[in-house]
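Enquirer: What follows is a structure written as structure tokens; I'll ask about it next.
The values are calculated or read from the model by the stated rules, or taken from the named source; none is laboratory data. Quick caveat, the model's predicted, so the values are computed rather than measured. Heads up, the Cβs are rebuilt from the backbone with ideal geometry, glycines too, and the neighbour counts pull from every protein chain shown.
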Amino acid sequence: MDAFVIEGGRPLHGVVPIGGAKNAALPILAATILAERRCVIKNVPLLRDVDTLGEILRELGVSCERRASDGAIETETVDTSNCTASYDLVRRMRASFCVLGPLLARRGHARVSLPGGCVFGLRPVDLHIKGLRALGAEIRLEHGYVVAKAPRGGRLHGGHVYLGGAYGPSVTGTANVMMAATLANGKTVIEGAACEPEIADLARFLVAMGATIHGIGTPRLEITGVPALDGACYSVIPDRIEAGTFAIAGALTGGEVRLRDARSEHLSAVIDRLREIGVAIERSGDELVCARDTERLRRHGGRFRPADIVTHPYPGFPTDLQAQTIALLSIADGISVVTEKIYPDRFMHLAELNRMGAAIRKEGPSAIITGVERLTGTDVMASDLRASAALVLAGLVAEGTTRVHRVYHIDRGYERIEAKLAALGARIRRVDEQEAVAA
């Protein structure tokens, strides 16, 4: 098990390339189960979660190999006999549950373990089941697995389903039902569909394979089933969460970071909130330039301004940048309130930030942050993917040495984050746990 050792206090400067979006790449790879022929997926990040999904696809009879020449992933179904995605693999990440819809639609049967992933609250799969039942699937829960069968004849039928939940639309639920509907007989209408760019990217990939989908990027999707889907060559969109994380890193450390290939249209709510806090973000060619807005912060003695932020489904402020933003607000000049509307229990990073000198308390679904002048380095423990990123950001600005333990979490969603940060001037290195304890 690895850890990061970070020496804080160095401003970050330079250009960082933003990789492909993890949350788009995973369902797109799952969707290749639907294809009759070979698929080539480009701009897929080198992540542990991608490796896990590759293992699941191979278990399901889909060859899945990354090309050495350009890093693209090639997939092709070679054996359709196994329809079971096992607990040992699916438990590692929630996104692997996205194989349920394509397996059911393509093979008429699916047996998929209930998912795992980051532990920050209950995330049920009832909307997935509701949506697939609307397409005629027979579904039962059996020994920790979701077992689904298509109607007699082995083909789903079109249906009408509302996928809004208590905390907004289900992103993976929308992905599962949309993928299943592409091969169903007739027309399917999904109301309350997730509008995230990653879902729109999945839809565009399905269209590239020959699917008929209208309303892409809106809460109402209309899918007319087709007899079969072909292979396709497709490039994944840049990762908006990685872009937001590095934007915060640049401003937090007092440097200037240029995000190459980041799409500002996917970050509107983030850019708006960060500008309010005191981050300057401007477009320059194919780059977003992110730095501390010294002019706007002059009245606050150079410190960031407090803010009230509420996470919402897209296009609102993303829950996946909540932890990183709290790290930024922990050294703002005043009291901030961050309310979590997607996963109300997603605050496991607060105690670790407080170990670094932050002053944060939790009240219901909100974090109350009283800004302090500085953070100090210490040993902290990563609990999930985005919490890990927040602790790394805090370590970059903290006085002294910070050791972030259990960084396997961050490897699930950030490609070589320590190398990218080091290239910007950070003093960060990956060590094994024994070396971290001794450091």
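Enquirer: Take the residues in region 219-252 that are part of a loop (DSSP other than H, G, I, E, B) and within 24 Å of the chain's Cα centre (by Cα), then tell me which one is surrounded by the fewest Cβ atoms within 10 Å (Cβ to Cβ).
Expert: 219
Enquirer: Can you tell me which residue is farthest from the chain's Cα centre (by Cα) among those in region 85-101 that are within 13 Å of residue 59 (Cβ to Cβ) and part of a loop (DSSP other than H, G, I, E, B)?
Expert: 86
Enquirer: Something else about it: Residues in region 253-269 that are within 16 Å of residue 16 (Cβ to Cβ) and within 20 Å of the chain's Cα centre (by Cα): how many?
Expert: Going through region 253-269 one residue at a time, the tally reaches 7.
Enquirer: Moving on. Being buried (at least 21 other Cβ atoms within 10 Å of the Cβ) and assigned by TED's automatic domain parsing to the domain that holds residue 307: is that true of residue 433 here?
Expert: The answer is no for residue 433.
Enquirer: Which one of the conditions (1) over 14 Å from residue 177 (Cβ atoms); (2) without any contact (Cβ under 8 Å) to a residue 40 or more places away in the chain; (3) touching a strand residue (DSSP E or B) at 6+ places or on another chain (Cβ under 6 Å) does residue 44 fail to meet, given that it meets all the rest?
Expert: With (1) over 14 Å from residue 177 (Cβ atoms); (2) without any contact (Cβ under 8 Å) to a residue 40 or more places away in the chain; (3) touching a strand residue (DSSP E or B) at 6+ places or on another chain (Cβ under 6 Å) applied to residue 44, the lone miss is (2).
Enquirer: Among 69, 63, which is assigned by TED's automatic domain parsing to the domain that holds residue 142, without any contact (Cβ under 8 Å) to a residue 12 or more places away in the chain and not in a helix (DSSP H, G or I)?
Expert: Unique residue meeting the criteria: 69.
Enquirer: Residue by residue through region 203-218, note down the ones that are assigned to a loop (DSSP other than H, G, I, E, B) and in contact with a strand residue (DSSP E or B) (Cβ under 7 Å, 6 or more places away or on another chain).
Expert: Within region 203-218, 209, 210, 211, 215 qualify.
Enquirer: Checking the condition in contact with a strand residue (DSSP E or B) (Cβ under 9 Å, 6 or more places away or on another chain), of a type in the set (A, V, I, L, M, F, W, C) and crowded, with 21+ Cβ neighbours inside 10 Å, which residue from 326, 331 passes?
Expert: 326
Enquirer: Determine, yes or no, whether residue 188 is in a helix (DSSP H, G or I), on the phi < 0 side of the Ramachandran plot and either in contact (Cβ under 8 Å) with a residue 24 or more places away in the chain or not assigned by TED's automatic domain parsing to the domain that holds residue 387 (or both).
Expert: No; evaluated as a whole, the condition is false for this residue.
Enquirer: Okay, next question. Mind listing whichever residues of region 72-84 are in contact with a Leu (Cβ under 8 Å, 6 or more places away or on another chain) and either modelled with pLDDT under 95 or in a loop (DSSP other than H, G, I, E, B) (or both)?
Expert: 82, 83
Enquirer: Also: Name every residue in region 24-45 that is over 14 Å from the mean Cα position of the chain (by Cα), part of a loop (DSSP other than H, G, I, E, B) and at negative phi, in order of residue number.
Expert: Listed by number, the residues that qualify are 36, 37, 38.
Enquirer: Checking the condition buried (at least 16 other Cβ atoms within 10 Å of the Cβ) and either outside any loop (DSSP other than H, G, I, E, B) or of a type in the set (Lys, Arg) (or both), which residue from 415, 352 passes?
Expert: Every option except 352 fails the conditions.
Enquirer: Any idea how many residues of region 61-76 are buried (at least 19 other Cβ atoms within 10 Å of the Cβ) and either under 17 Å from residue 412 (Cα atoms) or touching a Ser or Thr at 6+ places or on another chain (Cβ under 8 Å) (or both)?
Expert: Of the residues in that region, 3 qualify.
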